[in-house]
Amino acid sequence: MKEVVKAEEGEVFDIELEADILEANEKLATENKELLRKHGVQAIDIMGSIGSGKTSLIEKLVQELKGKYRMAAFKGDLTTTIDAELIARHGVEVVPINTGKECHLDANLVRKALQRLDLNSLDLLFIENVGNLICPAEFSLGSEKRVVVISVTEGPYMAVKHPFIFMDADVVVINKVDLARAMEVDVRKLETDVKKINPNAKVTVMNCRSGEGVREVVKALGL
Ligand code: MG
Ligand code: ZN
């Protein structure tokens, strides 16, 4: 095997532009957070790759927490509202956010979506990001907690290959645990990998289709 080609600092195209964008995003994220806090709304980011189970997790959380909290959701997707409709079935307000070609949500899009909601009538807001384990790590949205969903069908190396998204995660959900044997994935090893990257992350195991394990996620979120 040849030596790895490594991008050096300053060598990547658009690096300065990117620094400016991230700074502007941070500022808006802080404003979003202040606005949410002012209204007593706790926002929770749900991040993970395509098909990991972010939408099903939100659906199960909404079902579990109905009656205890007044909830809403933002659903980031490139063009569709498929997931937004799935969540809305459970009787919560959903604002779909279409990012076009962008592979992540940013604080500006969240700021615009917040204007669509009556924050006084809410306690909890789930923000489902675009399916992607890379750039959502860099773009704060103004949430109080960050959840990363990974599933055993994505293979045994999800955590070690994408360390940055796990560094700031409060809760990591390992999903589709019912398929672990068929996929020959060691769930405990995945958990250890996450803990190595972020010892503070609470790791829970779940089957988002059946809902098994949802109470542990609720507990891990302190809800
Ligand atoms: Mg989804
Ligand atoms: Zn992106």
field: Portion, in percent, of the accessible area of the chain that falls on carbon or sulfur, probe 1.4 Å
entry: 51 percent
- prompt: When only Cα pairs under 8 Å and 6 or more residues apart are kept, what is the percent relative contact order across the chain?
  reply: 23 percent
field: Proximal charge balance of Asn98 [Cβ under 15 Å; K/R count +1, D/E count -1]
entry: -2
Projected area averaged over orientations for the range 87-149, convex hull of C-alpha atoms, nm²: 4.9 nm²
- prompt: Is the shape of the range 18-135 rounded, prolate or oblate, going by the alpha carbon gyration tensor and its root eigenvalues a ≥ b ≥ c, with a/c under 1.5 for rounded and a/b larger than b/c for prolate?
  reply: oblate
message: When 1/r is averaged over all different Cα pairs and the result inverted, which Kirkwood radius in Å belongs to the range 66-190?
response: 15.9 Å
- request: Per DSSP H run of n ≥ 4, the term is -39500 (n - 2.57); total these for the chain, divide by its residue number, and report the mean residue ellipticity at 222 nm rounded to 500 deg cm²/dmol.
  value: -10500 deg cm²/dmol
query: What shape does the range 134-223 have by the C-alpha gyration tensor, where a ≥ b ≥ c are the square roots of the eigenvalues, rounded means a/c under 1.5, and otherwise prolate means a/b greater than b/c and oblate the rest?
result: oblate
- request: Classify the chain as rounded, prolate or oblate, taking a ≥ b ≥ c as the square roots of the eigenvalues of its Cα gyration tensor: rounded when a/c is under 1.5, otherwise prolate if a/b is larger than b/c and oblate if not.
  value: oblate
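The values are calculated or read from the model by the stated rules, or taken from the named source; none is laboratory data. Bear in mind the structure is a predicted one, so any value in this text is a computation, not a measurement. Positions of Cβ are backbone-derived with ideal geometry, glycine not excepted, and every protein chain shown enters the neighbour counts. All accessible areas refer to the heavy atoms of the entire protein, side chains included, with ligands and DNA or RNA removed. Shrake-Rupley method; radii C 1.70, N 1.55, O 1.52, S 1.80 Å.
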